Amino acid sequence: MPVVSEIKKEEKPKAEAVKPKAEAAGELGEVFRDDFSKGAKNWDVLGGEWEVKDGKYFGAELDGGNAITYAASAADIEAGAFEVKVTVTERAFAEQWAFFGIIIGTDASNFWLLGFTEGPAQEHYVDFLESLEGTWQAQSEAATKLKAKNEKDMYFKWEYNKEYKFRLEMGADGITGKIVDLKKDSVLAQRTWVFGEMTAVRMGKPGLISRGMKGYYKDAVVLGKGVKKI
């Protein structure tokens, strides 16, 4: 089991990561891409078991914690997007809730998660939640409660062994999560959380996360402003 560590030093202080910011104007372009053809050199593991095989990044955490890895080589996302192709292959254990997804965050306690979740009764749905200083579902807590809008079918019944595109879009006003059908290029599920003046995770590195599920990721892409990083 890898030792939990902080992301490499390009990250910003947590106080900066949660305070309101003005969004700069300008078009988004591709600033980072990883097809995993050169292994996992761009990624820092904070927990779980991670391995690259044949251009796929496999992740699993079977001991009840979170498997997390961040793209330390990517630029911070403040006004941009992170997308990756995701396939969930199997449930690792039957008890409690399990999930498999993507994140934008600063460490193992502060992030936004967009993921496929399966409950103990095998119910399938999409989770889109915030961990803020270790508080799970912080976006629904009274002190940090956010408003939701633009919601579509978050109880979409996703399937095992089918590839989807996950996309997180971060801006000054809020964050949007989308699940996209790759064949039809259509949005299957989405929601936007509006920041307003509330404390929230407002920037971070792109990352991957799982608990109690096995699967893999392909073609991680970050869109933002600036020079492309390889």
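Identify the single condition in (1) within 23 Å of Glu169 (Cβ to Cβ); (2) at pLDDT 95 or above; (3) of a type in the set (Gly, Ala, Ser) that Gly55 does not satisfy, given that it satisfies every other one.
(1) is the only condition that Gly55 fails.
Tell me which residues, restricted to segment 126-144, are within 16 Å of the chain's Cα centre (by Cα) and either part of a strand (DSSP E or B) or not aliphatic (A, V, I, L, M) (or both).
If the condition is that a residue be within 16 Å of the chain's Cα centre (by Cα) and either part of a strand (DSSP E or B) or not aliphatic (A, V, I, L, M) (or both), then Val126, Asp127, Phe128, Leu129, Glu130, Ser131, Leu132, Gly134, Trp136, Gln137, Gln139 are the ones that fit.
Do any strands (runs of 3 or more DSSP E) entirely within segment 145-204 hold 1 or more residues that are aromatic (Phe, Trp, Tyr), surrounded by 18 or more Cβ atoms within 10 Å (Cβ to Cβ) and touching an Asp or Glu at 6+ places or on another chain (Cβ under 9 Å), and if so, which?
163-170, 186-194
Condition first: assigned to a strand (DSSP E or B) and surrounded by fewer than 23 Cβ atoms within 10 Å (Cβ to Cβ). Now tell me which residues in segment 85-97 satisfy that.
Lys85, Thr87, Thr89, Glu90, Arg91
For segment 19-28, which residues satisfy the criterion of being at pLDDT 65 or above and surrounded by 13 or more Cβ atoms within 10 Å (Cβ to Cβ)?
Matches in segment 19-28: Leu28 only.
May I ask you to say which residue of Thr144, Thr135, Thr192 is closer than 20 Å to Ala98 by Cα and among the hydroxyl-bearing types (Ser, Thr, Tyr)?
Thr135
Go over the candidates Gly80, Gly55 one by one and state the one that is among the small types (Gly, Ala, Ser) and either more than 15 Å from the chain's Cα centre (by Cα) or under 20 Å from Gln137 (Cβ atoms) (or both).
Just one listed residue meets the conditions, Gly55.
The values are calculated or read from the model by the stated rules, or taken from the named source; none is laboratory data. Note that this is a predicted model, so its numbers are computed, not measured. Heads up, the Cβs are rebuilt from the backbone with ideal geometry, glycines too, and the neighbour counts pull from every protein chain shown.
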